[in-house]
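Peer 1: Input: one structure, supplied below.
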Amino acid sequence: MTRTIQACFVAFFSLTLILGGGLPILNFLMGTENSISAGESRKMTTFADAFQPQGVFRFKGLRDRLEEASKDQIPFRAFWVRQYKRTLLYGFGHEKSEGVMVGRDGYWFQIGNVHYSRAPCASPRAINEVSTDALIQSLIEFNASLASEGRYLSIVIAPLQSTVRADLLPAGLSQLCASPVPRLQKSLRQLREGGVSVLYDPDWMIAEGATKFYPPRSFHWHRGGAAWYSRYGIQNGLVTAPDFRGIEFLPQLEMREGGVDMARYLGVAPSTYKALFPKPDKDVSYVGTVSQAGELEHIPSTVASLYSATAARRSFYMAGGLEENGRGVIIGDSFSNSAFDFWGRHFSEAIGLTINNADRSKPTFTQLIEAFDPRHVVLILEESKLMHIEGGPKWRAISVLTAEGEKE
Amino acid sequence: MVFSSAIFLFYFLPITLGIYFVAQKLAGPKLSNPVLFFFSIAFYAFGEAGFVLLILVSILINYVFGLLIDHQSVFLRRHRQTILLIGVCANILLLTYFKYLGFLAESLHQIVSLLGFSWTVTWPDVHLPIGISFFTFQAISYLVDVYRGHAKCQRNLLDLGLYIALFPQLIAGPIVRYETVDKQIRKRTLTTEGICSGLRLFCVGLFMKACLADTLAYNVDAIFAHPFEQLSTHVAWVAISAYSLQIFFDFAGYSLMAIGLGRACGFTFPQNFNQPYTSLNVREFWRRWHISLSTWFRDYLYIPLGGSQRAPTRTYANLLIVFLCTGIWHGASWNFVIWGLIHGLFIVLERKGLSRLLETVPRFFSRLYLIVVVMVAWVFFRIEDFSDAATVLAKMWFPDAGGHPVYASLILNTDGWFWTIFGISLIWSLWSPRLATTIATQVVRQRPITAELVKSVGAMILYLIALIVVISNTYSPFIYFRF
């Protein structure tokens, strides 16, 4: 009997290993590997990718791709990941790989962003006053440079979920410290004094009931905020572009709860979603990309924008059809997808760039401005970006954008 | 390739074990040894393709020196000690070049600068090959064991290669001494019981590494990513407590996986951890922590230096030398030297009378003493910069040192998963092995089938949980890889 139990255990163990590796190999041989994870909105690495003839002799690359493929192609991976994340989220209030914290009334907050808005004096990374000031200064110079060429710059700052719905933060979380002059306020003051048009008014948003654009389980909490905000700014003449006033073109803003990435991925929201904006109609069309990304592929979880599946670039071109407003360039983070769409409709033509890739895109930003000749440049940031210097590609990108001629 | 990666679990392991079992069944070690050697080299090549030649050269050098030490010619027999010395030096030189060259040059530069001279030292930026500290120590163990006559000289190059490069213990130990596995390399049998118990150990080790250590690591790394002056006292203690648990489960888990895989392949590797945090003093701690390293240093350094057989001052000096080497073995940096010396210093103090004092107080206080000493030492292990380490120590010991309870309020106060894992880890690491062993022995004796069932089902559950975590997690640092 003892030997039978031991044999059963060995058989069970072996079976998990053989299935874990055998099924993906079978899929590879049959050409049925899973290449897209709709829930995570990303491309999966396949063994077919790993064994591409052009990369097979570069050992390090091959090794990395094999490691990624072996992880991505595990049978029923999405199911297991979902159960794990749900357990952490609902059982323990945190899901750290996605950076989610559960607040009151089932509200979700992004851990990093909570940190920014609740503890401006003690960020995960040290506040670098010199770098922040230098960045603000470069934005001011950027604005002056554009203005000298007769262009407009608007900076739209989307408040975070934790700013708009601070009342729903977890009970164990108190205001950590009261900074006498929050970095954000200082940054805003510096920008405005430098003549930059900055749109930031969370109190107005709260008063207007804009909290509906921060749905309880949305991953990109400030997605709605950026678009809603832009509308508010344009309608009230707060954006430095006089010719925008009074134009009635706004589609009905609508967003269904939980209709975006994280909630869908965890299976706590319907698998179908309603986009913040309707799909492009006859007047608005996506016709290509400014990056060298190659063929575009639509990944289902993205909202009314096209992502390049073959490269990490998220740049797009859009024919908005409003000839009188001239051309526009919109720069933002991934949360700005809806705002890209919104802003793009205001111009004759628009190019959208994702900040992450702006410093790597070709043509360079300077070349783009020269070649595309936009009348308006819109920079969409989340509020934490004006509180702390993070380092990394985003800020590097902004620095590059604002440093004329440094690129290439 | 780490044991907790998908490519190891679902591809390397089943293929290797499958072919190995068939080879062992067909022709025994004569065929299975080359098979295992081949897969061990492939395992190493996957992580360090550029250094396969290095490990092969190391095998060849030690093979030649082993033959020379064992050679029966009068000349060579007369110079056995010299040959051993040259062989050991060759290994140490190899290790020094790859691991310590930069550190030595930098230290020399600092000393020269302190003396007021201006001298710029330049040294090549040498990559540290994975596992070099482990396989070098194993190679030295081979030469010394052959020299001492504790083991026979290995005349089969592949078999010696298998000892040095055997994949379960290749990159993170335990440091298996040659005399331990000498006979097993030549002859071993595979049994269902051995395979089963080996795989069960692997499952438990995987759980320790993937579920406990990696979960703790996430918050530990996040806390230590803060500017240290922002840490509050309780956050500093939480961080270093979690780090103490992380490093234990990280390394003990990996060792257990290695021991388990070794057992499944028919080898018996020594136990590497035995509930170290239940120790009552630092001496006992080192009999329970990284046992294969501490016994290696005991047998190949401490005893040759004279051990405790000389005058007390010489014994103390020997102890400090051993712990200096233990520290530097862990990394080419002064913080590891300090870490080792703290342990050495407290062992000296215990020898000088602290032990007797500790015996007079309740066990709780002895344990508290051990845990505090070890945790303070971990600060230096974790933090390379002395001023940063001093800041953290100040935060730990002086509550009025200021600072905001950032992570405590933001993450630790709301993160149930971290605290659950912290609690499990704490109970697991402080659980008295005596009580557990007594219960287990009783159950096994009275109800062997129930005991087998409980062990197997328990291992299965831990394994499945660990698998889900492995599949879902992307965060899996491994502390002992850099050694």
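The values are calculated or read from the model by the stated rules, or taken from the named source; none is laboratory data. Since the model is a prediction, treat every value here as computed from it, not as a measurement. Note that each Cβ is placed from the backbone with ideal geometry, even for glycine, and that neighbours are counted across all protein chains shown.
Peer 1: Mind listing whichever residues of region B:359-371 are of a type outside the set (S, T, N, Q) and either farther than 12 Å from B:SER279 by Cα or over 28 Å from the mean Cα position of the chain (by Cα) (or both)? Can you show your working first?
Peer 2: Narrowing region B:359-371 to residues of a type outside the set (S, T, N, Q): B:359, B:361-365, B:367-371.
Those that are of a type outside the set (S, T, N, Q) and either farther than 12 Å from B:SER279 by Cα or over 28 Å from the mean Cα position of the chain (by Cα) (or both): B:GLU359, B:VAL361, B:PRO362.
Peer 1: Shifting gears a bit: For residues that are more than 30 Å from B:ASN274 (Cβ to Cβ) and either modelled with pLDDT under 65 or surrounded by fewer than 19 Cβ atoms within 10 Å (Cβ to Cβ) (or both), tally how many sit in region B:398-437. It would help to see each step written out before you state the result.
Peer 2: Step one: list which residues in region B:398-437 are more than 30 Å from B:ASN274 (Cβ to Cβ), which gives B:398-416.
With either modelled with pLDDT under 65 or surrounded by fewer than 19 Cβ atoms within 10 Å (Cβ to Cβ) (or both) added as a condition, the list becomes B:398-411, B:413, B:416.
Total satisfying the criteria: 16.
Peer 1: What number of residues in region B:137-169 are surrounded by 24 or more Cβ atoms within 10 Å (Cβ to Cβ), free of Cβ contacts under 8 Å to residues at least 60 places away in the same chain and not in a helix (DSSP H, G or I)?
Peer 2: Final tally of qualifying residues: 0.
Peer 1: Okay, next question. Using the structure shown, decide if B:PHE117 is in contact with a helix residue (DSSP H, G or I) (Cβ under 9 Å, 6 or more places away or on another chain) and either crowded, with 17+ Cβ neighbours inside 10 Å or not acidic (Asp, Glu) (or both). Full working, then the answer.
Peer 2: On the way: in contact with a helix residue (DSSP H, G or I) (Cβ under 9 Å, 6 or more places away or on another chain): no; either crowded, with 17+ Cβ neighbours inside 10 Å or not acidic (Asp, Glu) (or both): yes.
Considered against the rule, which asks whether it is in contact with a helix residue (DSSP H, G or I) (Cβ under 9 Å, 6 or more places away or on another chain) and either crowded, with 17+ Cβ neighbours inside 10 Å or not acidic (Asp, Glu) (or both), B:PHE117 comes out as no.
Peer 1: Hey, does region B:51-66 have a residue that's within 29 Å of A:ASP72 (Cα to Cα), hydrophobic (A, V, I, L, M, F, W, C) and not assigned by TED's automatic domain parsing to the domain that holds B:LEU464? Let's see the steps before the verdict.
Peer 2: At the first step, the residues of region B:51-66 found to be within 29 Å of A:ASP72 (Cα to Cα) are B:51-52.
So of that shortlist, the ones also hydrophobic (A, V, I, L, M, F, W, C) come out as B:51-52.
So of that shortlist, the ones also not assigned by TED's automatic domain parsing to the domain that holds B:LEU464 come out as B:51-52.
Yes: region B:51-66 contains one or more residues that are within 29 Å of A:ASP72 (Cα to Cα), hydrophobic (A, V, I, L, M, F, W, C) and not assigned by TED's automatic domain parsing to the domain that holds B:LEU464.
Peer 1: Looking only at helices (runs of 4 or more DSSP H) that fall completely inside region B:1-116, which ones have 1 or more residues that are closer than 30 Å to B:HIS150 by Cα and within 14 Å of chain A (Cβ to nearest Cβ)? Before you say what the answer is, go through the steps one by one.
Peer 2: On the way: elements: B:13-27, B:29-48, B:52-70, B:74-78, B:80-95, B:101-114.
Passing ranges, in order: B:13-27, B:29-48, B:52-70.
Peer 1: Taking the stated definitions as given, is B:THR96 within 28 Å of B:LEU256 (Cα to Cα) and outside the structural domain of B:SER255 (by TED's automatic domain parsing)? Before the answer, list the steps.
Peer 2: Working: within 28 Å of B:LEU256 (Cα to Cα): no; outside the structural domain of B:SER255 (by TED's automatic domain parsing): yes.
No: the conditions fail for B:THR96.
Peer 1: Among the residues of region B:310-339 satisfying the criterion of being under 16 Å from the mean Cα position of the chain (by Cα) and not hydrophobic (A, V, I, L, M, F, W, C), which is modelled with the lowest pLDDT?
Peer 2: B:GLY331
Peer 1: For B:SER308, indicate whether it is over 30 Å from B:LEU170 (Cα atoms), in a helix (DSSP H, G or I) and of a type in the set (Ser, Thr, Tyr).
Peer 2: When the stated conditions are applied, B:SER308 does not pass them.
Peer 1: Looking at (1) more than 30 Å from A:ALA166 (Cα to Cα); (2) modelled with pLDDT of 70 or more; (3) more than 8 Å from every other protein chain (Cβ to nearest Cβ); (4) surrounded by fewer than 21 Cβ atoms within 10 Å (Cβ to Cβ), can you tell me which one A:VAL56 breaks?
Peer 2: Exception for A:VAL56: condition (2).
Peer 1: With farther than 29 Å from B:LYS395 by Cβ and assigned by TED's automatic domain parsing to the domain that holds B:VAL220 as the only criterion, which of B:ARG314, B:ARG367 stands out?
Peer 2: On the way: B:ARG367 fails: farther than 29 Å from B:LYS395 by Cβ.
Result: B:ARG314 is the single residue among B:ARG314, B:ARG367 that is farther than 29 Å from B:LYS395 by Cβ and assigned by TED's automatic domain parsing to the domain that holds B:VAL220.
Peer 1: For B:ASN274, all conditions in the list (1) without any contact (Cβ under 8 Å) to a residue 60 or more places away in the chain; (2) surrounded by fewer than 16 Cβ atoms within 10 Å (Cβ to Cβ) hold save one; what is the number of the exception?
Peer 2: (1)
Peer 1: Take the residues in region B:170-225 that are in a loop (DSSP other than H, G, I, E, B) and surrounded by fewer than 20 Cβ atoms within 10 Å (Cβ to Cβ); name whichever of them is nearest to the other protein chains (Cβ to nearest Cβ).
Peer 2: Just the residues of region B:170-225 that are in a loop (DSSP other than H, G, I, E, B), to begin with: B:171-177, B:187-191, B:225.
From what's left, surrounded by fewer than 20 Cβ atoms within 10 Å (Cβ to Cβ): B:187-191, B:225.
On the way: B:LYS187: 23, B:ARG188: 18, B:THR189: 15, B:LEU190: 11, B:THR191: 9, B:ALA225: 6 Å.
This residue is B:ALA225.
Peer 1: Look through region A:16-47, keep the residues that are within 31 Å of the chain's Cα centre (by Cα) and more than 11 Å from A:GLN73 (Cα to Cα), and return whichever of them is modelled with the highest pLDDT.
Peer 2: Filtering region A:16-47 for residues that are within 31 Å of the chain's Cα centre (by Cα) and more than 11 Å from A:GLN73 (Cα to Cα), the one modelled with the highest pLDDT comes out as A:LYS43.
Peer 1: Name the single residue, out of those in region A:86-97 being within 7 Å of another protein chain (Cβ to nearest Cβ) and within 24 Å of the chain's Cα centre (by Cα), that is surrounded by the most Cβ atoms within 10 Å (Cβ to Cβ).
Peer 2: Here the residue is A:LEU88.
Peer 1: Is it the case, given these coordinates, that B:THR120 is in the same structural domain as B:TYR178 (by TED's automatic domain parsing), hydroxyl-bearing (Ser, Thr, Tyr) and more than 19 Å from B:ILE175 (Cβ to Cβ)?
Peer 2: Values: in the same structural domain as B:TYR178 (by TED's automatic domain parsing): yes; hydroxyl-bearing (Ser, Thr, Tyr): yes; more than 19 Å from B:ILE175 (Cβ to Cβ): yes.
Yes.
Peer 1: Within region B:296-314, how many residues are among the aliphatic types (A, V, I, L, M) and either touching a residue at least 12 places away in the same chain (Cβ under 8 Å) or surrounded by 15 or more Cβ atoms within 10 Å (Cβ to Cβ) (or both)? Walk me through it before giving the result.
Peer 2: At the first step, the residues of region B:296-314 found to be among the aliphatic types (A, V, I, L, M) are B:301, B:303, B:305, B:311.
Still in the running and either touching a residue at least 12 places away in the same chain (Cβ under 8 Å) or surrounded by 15 or more Cβ atoms within 10 Å (Cβ to Cβ) (or both): B:301, B:305.
So the count comes out to 2.
Peer 1: OK, next. Give all pairs with beta carbons closer than 8 Å in which a residue from region A:10-21 that is at the interface with chain B (Cβ under 7 Å from one of its Cβ atoms) meets a residue that is of a type in the set (A, V, I, L, M) and not in a helix (DSSP H, G or I); count only pairs at least 6 apart in sequence or on separate chains.
Peer 2: A:GLY20/A:ILE74
Peer 1: I've got another one for you. Could you please let me know if A:ARG104 is within 14 Å of chain B (Cβ to nearest Cβ), modelled with pLDDT of 75 or more and surrounded by fewer than 21 Cβ atoms within 10 Å (Cβ to Cβ)? I'd like the intermediate steps shown before the answer.
Peer 2: Details: within 14 Å of chain B (Cβ to nearest Cβ): yes; modelled with pLDDT of 75 or more: yes; surrounded by fewer than 21 Cβ atoms within 10 Å (Cβ to Cβ): yes.
So A:ARG104 passes the test.
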